[in-house]
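Before any comments, here is the structure.
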Amino acid sequence: MIKKNLSLIVLTVFILLPLALAAHFWITDPRGVMRAIYPLQASVSSIGLRCSAGSPAWLESVAKLGVWELKALSTQVAFINDAGEMFHCESGWQNDFLSERVEQDSRFRYGSLTKPITSAAVHYLLKNTGLSPDMDVVSYFSGLESRDEGGGAGEATLDEFMRHISGIRGEVFVGKGKPWCPYSMSQAENFVINDELKGEFRYSNLGYCILGEVIAKEMGGDYRTSIDQIFGLSARGISFVDSGDGAGLVDRDYRFNDFHGESIPENFDHYAISSTAGMVGNASSYATLMRDILSESYEGFVDERVTECDPGLIRSCYGRAFYAYQSAVGSVVYVKEGYMPGSAGVVMINSKNEVLVWLGNSDTDNAASGQAMQAFLDRVMEIGF
């Protein structure tokens, strides 16, 4: 009887102890638990990966890299070759683990992949209106000569805003209240231009909000309707997301984000970021749009002046829409990354105007430094693109 009770106690301990430990770790460090089980979920996601008929073998390898190297269970990758043929792959699920599968038309957040579309619209206006890349943006909105007394804090051109070298100071992602862009564009004092920073690359979301308002003013509407009028975004399945409006989008995965999550929602004006990081859609639609834009041959849209910088350093050779990057094993490609908490993406364009787009539902490890994305780009260029 004693032995039987002892055996029961031992069995109970072996059952309850792991459960107690699991509950403890889940309560104290849920993200750590989710990171620990990621390889198991990634294995299932990789097994379920599907590619369209005729896809090059290397494209499936790229899709798997997105799962393992960029840490996204739910992904899309789309590739348009030099003949204009579209190929695509998908992995993962729309919502929770093992829910409805991601399809070609599933929608992700584009984040800063919005910026090349905004830049392309500016190039459309440069080609079809009286706008000049050297136009001073401050006086354009204020009606004042920028450096005249009372006219503002400096001047900056369309070209400088596109290249992130305008010297503009400020942010459009503000946690409280509304940013001045896009709501107070006529007040020259809002345009704080730091002359000491002009010509120096400083990535600026505010700068692209300002470009969005140039587009809106020239087209006679707001940015969202104007960009749709230029590129037919709604017909392509590309739209915008508003605060709390995640319906129909692939759920984001925050496990590799140390701050944002379901319990700490984004706190900024989604309308204000429309032209800088506000678009949503699928990888195939983005690739098709980018291919159509490239066919217009807008001068300077894909900037090839890599002799003035080092394309071997990631994010060091920015042009008007992309940065040039060259791995140790490949030729120069033109790249733009997209990021929002819990989601990421990237577009690559090569010398043949072939387009590769990857979208995923997770932060990359150490996203700010670009190390994971650089490793991804290197591998993509090595295996076939």
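Values in this text are rule-based calculations from the coordinates and carry no lab data. Here the structure is a predicted model, which means the values were calculated and not measured. Ideal geometry is used to build each Cβ from the backbone, glycine not excepted, and the neighbour counts take in all protein chains shown.
Put simply, when 100-109, 216-225, 74-83 are sorted by average Cβ atoms within 10 angstrom per residue, most first, you get 74-83, 100-109, 216-225. Based on DSSP H segments of at least four residues, each scored -39500 (n - 2.57), the chain has a per-residue ellipticity at 222 nm of -11000 deg cm²/dmol. Among the lysines of the chain, pairs at least eight places apart or on separate chains and with Cα atoms under 24 Å apart come to 16.
For the chain, each Cys has a disulfide-compatible partner, with another Cys C-beta under 4.7 Å from its own. Rounded to whole numbers, the Karplus 3J(HN,Hα) couplings from phi for region 182-198 are x, 8, 9, 7, 7, 8, 4, 5, 6, 7, 8, 9, 8, 4, 5, 9, 4 Hz, using 6.51 cos²θ - 1.76 cosθ + 1.60 with θ = phi - 60°, and x at Gly and Pro. For region 218-367, a/c is not less than 1.5, where a ≥ b ≥ c are the root eigenvalues of the C-alpha gyration tensor, and a/b does not top b/c. That puts it in the oblate class.
Applying a length cut-off of 30 Å (Cα extent along the axis) and a mean Kyte-Doolittle floor of -0.5 to the DSSP H helices of the chain leaves 2-28.
With a cut-off of 15 Å on the backbone N, the residues of region 84-118 near the modelled label site 7 Å out from Ser52 along Cα-Cβ are 84-91, 103-106. Peptide packing for 337-349, 189-201 was compared via the average number of neighbouring C-beta atoms within 10 Å per residue; ordered from the highest value, the list is 337-349, 189-201.
Magnitude of the charge dipole for the chain, about its Cα centre and with charges confined to Cβ atoms of Lys, Arg (+1) and Asp, Glu (-1), is about 1580 debye. Compared with the alpha-carbon gap, the fully stretched path from Gln104 to Gln229 is longer by 42.6 nm at 0.36 nm per residue.
Here r is the Cβ-Cβ distance between Glu266 and Asp82 and R0 is 30 Å; the resulting FRET efficiency, rounded to 0.05, is 0.20.
Pull out a ≥ b ≥ c, the square roots of the eigenvalues of the alpha-carbon gyration tensor of region 65-181, then state rounded if a/c is under 1.5, prolate if not and a/b is larger than b/c, and oblate in the remaining case. Here region 65-181 falls in the prolate category. Each of Gly143, Leu70, Ser166 was scored by the projection of its Cα onto the charge dipole of region 54-186, and the greatest displacement toward the positive side belongs to Leu70; charges sit on the C-beta of Lys, Arg, Asp and Glu. What shape does the chain have by the C-alpha gyration tensor, where a ≥ b ≥ c are the square roots of the eigenvalues, rounded means a/c under 1.5, and otherwise prolate means a/b greater than b/c and oblate the rest? Note, shape of the chain comes out prolate. The charge dipole of region 104-237, taken about its Cα centre with unit charges on the Cβ of Lys, Arg, Asp and Glu (plus for the first two, minus for the last two), comes to roughly 780 debye. Pop the C-beta distance of Asp96 and Val192 into the FRET formula with R0 = 45 Å and round what comes out to the nearest 0.05. E(calc), rounded to 0.05, equals 0.50. The simple Förster model, with R0 at 22 Å and r as the Cβ-Cβ distance, assigns Lys352 and Glu299 a FRET efficiency of 0.70.
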